[in-house]
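The values are calculated or read from the model by the stated rules, or taken from the named source; none is laboratory data. As the structure is a prediction and not an experimental result, all values here were calculated from the model. Backbone-built Cβ (ideal geometry, glycine too); neighbour counts: all protein chains shown.
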């Protein structure tokens, strides 16, 4: 596709309270040479009209099918809850449109594989919103590892906080994350994004054993004062081996870190060490700090990420990471490359998550 500017139709825009308004709309508008938001569709025409008016979007469609069928739409962006992703992706692909779908892509690897199959059969691009891969610090860490900064990787450890799965859930409107059946859990969201970053920097996981626990079974909803049940796990522990043979451990806990240090990832090698840190385990939307040390260094020192890694998006890290993914999507559409994470890449992350669940439920070590 040689178009210089792509028309985007958004599904799931709720004024002031949706990821589409926080991440997608500002990211797309930061790339005016590549994208134009041409319309929005929600479950009701009235809701779409309200969203279009609130954000200056030209058209409000009656339903997702009408949006996907419109000739001005080249890309359908899906930002609704996980249970509807597959159905909406099919509508878009059947209409001959490319898709940007938020993560998690599906309920499990089988669901994601089916969506990847749709894209392949139609010859269309499906990009998944695992924007941790566009984090400048994660990208530069991947380059340093490839260039031999730490030598041979010996082991890696991640300890993180999951924020929204602690004792308090701020908003009733986002409390669906407490229900494991709805697919947006601590395991699938912050852990899933972190697994994506792990694959980018160190490669895939070959085998693992895992523990999943619900230490909290109820949560206070802050804005309403009610107490809600929580079936999503608030403790995720994984130990395994990377495909290169190095041991990996990960422990993500629900809730916020008291001291603001909610993410710590260390990579130890024969020649040096790298460390990434941040406020939480949501590696897709927090500012990370990169440190390293080699040889006889007795401490880890800050590593400056080259400015080129921050290009393609605004300085705001949340919007910037989304914009960088959209920029890669535009590049892939124009040149037939594979620089944005595609549905097939999402399948590999879903396989790791499925292996974590299988191991935790069976008590066995599992090949991924």
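A few notes on this one:
- Members of segment 269-287 found to be in contact with a helix residue (DSSP H, G or I) (Cβ under 9 Å, 6 or more places away or on another chain) and within 27 Å of residue 104 (Cβ to Cβ), listed by number: 276, 278, 280, 281, 282, 283, 284, 285, 286, 287
- Among the candidates 34, 4, 18, residue that is crowded, with 17+ Cβ neighbours inside 10 Å, in contact with a helix residue (DSSP H, G or I) (Cβ under 9 Å, 6 or more places away or on another chain) and modelled with pLDDT under 95: 18
Residue-wise test of (1) surrounded by fewer than 18 Cβ atoms within 10 Å (Cβ to Cβ); (2) on the phi < 0 side of the Ramachandran plot; (3) in contact with a helix residue (DSSP H, G or I) (Cβ under 6 Å, 6 or more places away or on another chain).
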residue	(1), (2), (3)
75	no, yes, no
79	no, yes, yes
86	no, yes, yes
93	no, yes, yes
106	no, yes, yes
115	no, yes, yes
121	yes, yes, no
130	no, yes, yes
138	no, yes, yes
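- Residue check for residue 155: surrounded by fewer than 18 Cβ atoms within 10 Å (Cβ to Cβ), within 20 Å of residue 79 (Cβ to Cβ) and out of contact with any helix residue (DSSP H, G or I) (no Cβ under 6 Å at 6 or more places or on another chain): no
- Elements of type strands (runs of 3 or more DSSP E) in segment 221-261, at least 2 residues being surrounded by 18 or more Cβ atoms within 10 Å (Cβ to Cβ): 235-242, 247-253
- Taken over segment 301-334, the criterion of being surrounded by fewer than 16 Cβ atoms within 10 Å (Cβ to Cβ), assigned to a loop (DSSP other than H, G, I, E, B) and either at positive phi or without any contact (Cβ under 8 Å) to a residue 60 or more places away in the chain (or both) is satisfied by 304, 311, 315.
- The set of residues in segment 95-104 being over 17 Å from the mean Cα position of the chain (by Cα) and at negative phi consists of 95, 97, 98.
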